[in-house]
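The values are calculated or read from the model by the stated rules, or taken from the named source; none is laboratory data. The structure displayed is predicted, hence computed values, not measured ones. Glycine also receives a Cβ, built like all others from the backbone with ideal geometry; neighbour counts cover every protein chain displayed.
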Amino acid sequence: MTAVNPIRVLVADDHPLLREGIAAVLAGQADIDLVGEASDGREALECFRHLRPDVTLMDLQMPHMNGIDSILAIRGECPDARIAILTTYRGDVRALHAIQAGAQAYLLKSTLRKELVETIRSLAAGRRHIPPEIAADLAQHIGQQCLSPREVEVLQAAALGYSNRDIALQLRITEDTVKGHMRLIMDKLGANNRTHAVAIAVQRGVLEIGTPL
């Protein structure tokens, strides 16, 4: 790419300060042009349709439509779209979901200033960019059993402080079934107890703190 034909970039994030920071970093790059900004997932999809950027920077957690759903929608309409996830979350499950949805890069916001420009150039050139620490997280858990949707529901309830009895009532299952789910959850996550299981699940991106049942 040259200054005559710059890489056209769209950024989607619900935090204005982060968008401003990205704009400031890209302003000094002659070969990159920030052509649009979006503050939520739906707006990101509309901006992509209108602007057709070369590279889209997408936050994972946004109002109205999250980053994963936005990626799926964009890639459904434009399979060649080049998309990088921007997130504060390192969890391997989040990274896996983003990559499965079609993202070609996964950037932690803490490393943006150092890696942002090079990642944009790599994506525009048709390459992927997965930071070593994210790749290591993914490799560490390859082959491990995933939690079932029901097990995630049980663990989410436990994270919110529900007792086994309360979980059983909430999910309309027996208390013994809840206990069985918890045993399987702890076994799959390699946890010593339910508190440990919740901590591991949050770290790996299986659970989002504050997500209601």
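Annotations for the structure displayed:
- Test: residue in the stretch 24-34 that is buried (at least 16 other Cβ atoms within 10 Å of the Cβ), more than 13 Å from Ile120 (Cβ to Cβ) and either in the same structural domain as Asp59 (by TED's automatic domain parsing) or in contact with a Phe, Trp or Tyr (Cβ under 7 Å, 6 or more places away or on another chain) (or both): no
- Count of the stretch 106-129 residues, restricted to those that are modelled with pLDDT of 85 or more and surrounded by 12 or more Cβ atoms within 10 Å (Cβ to Cβ), is 16.
- Extreme residue, nearest to Pro16 (Cα to Cα), among residues of the stretch 41-65 that are crowded, with 18+ Cβ neighbours inside 10 Å and not aliphatic (A, V, I, L, M): Asp59
- Within the stretch 83-95, if we keep just the residues that are assigned to a helix (DSSP H, G or I) and under 8 Å from the mean Cα position of the chain (by Cα), the residue that is surrounded by the most Cβ atoms within 10 Å (Cβ to Cβ) turns out to be Ala95.
- Set Ile7, Ile22: member being in contact with a strand residue (DSSP E or B) (Cβ under 6 Å, 6 or more places away or on another chain) and closer than 15 Å to Arg82 by Cα: Ile7
- Among the residues of the stretch 168-211, the ones that are more than 30 Å from Glu133 (Cα to Cα) and touching an Asp or Glu at 6+ places or on another chain (Cβ under 8 Å) come to 3 in all.
- Taken together, Asp69, Asp80 contain a single residue that is free of Cβ contacts under 8 Å to residues at least 60 places away in the same chain, assigned to a loop (DSSP other than H, G, I, E, B), surrounded by fewer than 24 Cβ atoms within 10 Å (Cβ to Cβ) and out of contact with any Lys or Arg (no Cβ under 8 Å at 6 or more places or on another chain), which is Asp80.
- When each of Leu26, Leu10 is tested for being closer than 30 Å to Val206 by Cβ and either aromatic (Phe, Trp, Tyr) or outside any loop (DSSP other than H, G, I, E, B) (or both), the lone residue that passes is Leu10.
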